[in-house]
Amino acid sequence: MKRHRDSAGNASFHERAIGRAAGMFGTIGSVYMHFFVFAMGFLLATNVVQIAGLHLDVDSLTLLFSINSIFITTSVLLSQRRMQELSEVRANLTLHISLFEERETTRLIRIVRS
């Protein structure tokens, strides 16, 4: 547990920010928010809903959602990289524990045989 706190404390500002963003994008609230924003953008672009001083055409809407998808994809990829790094640390720790157990078992067998 202490190792987890230490590794979280050693993460850079950018890694913590990406971790928070990826955690936020992975919630159902985020899905609802994106659906709502997309629906409002579509309604504004098709002039079903009009707001004074705000005119959104379909090309602008497409550009905004493309940029949004780039940011979401980037944060997901960075989050997956971080999870891969943690997985490698866990695998290394498991290997060391297994080697230690094997060495101790071998010692016990030698003691019993003597």
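The values are calculated or read from the model by the stated rules, or taken from the named source; none is laboratory data. The structure presented is a predicted model; accordingly, all values stated were derived computationally and were not measured. Note: ideal-geometry Cβ built from the backbone for every residue, glycine included; neighbour counts use all protein chains shown.
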(message) Would you confirm whether or not the range 93-110 contains a residue that is exposed (fewer than 10 other Cβ atoms within 10 Å of the Cβ) and at pLDDT below 85?
(response) no
(message) Looking at Ser75 and the list (1) under 14 Å from Met24 (Cα atoms); (2) surrounded by 12 or more Cβ atoms within 10 Å (Cβ to Cβ); (3) at pLDDT 80 or above; (4) among the polar types (S, T, N, Q), which single condition is not satisfied?
(response) (3)
(message) Restricting to the range 47-99, name every residue that is touching a residue at least 24 places away in the same chain (Cβ under 8 Å) and over 19 Å from Ala17 (Cβ atoms).
(response) Phe65, Val89
(message) For the range 32-58, give me each residue that is in a helix (DSSP H, G or I) and out of contact with any helix residue (DSSP H, G or I) (no Cβ under 9 Å at 6 or more places or on another chain).
(response) Tyr32, Met33, Phe35, Phe36, Ala39, Met40, Leu43
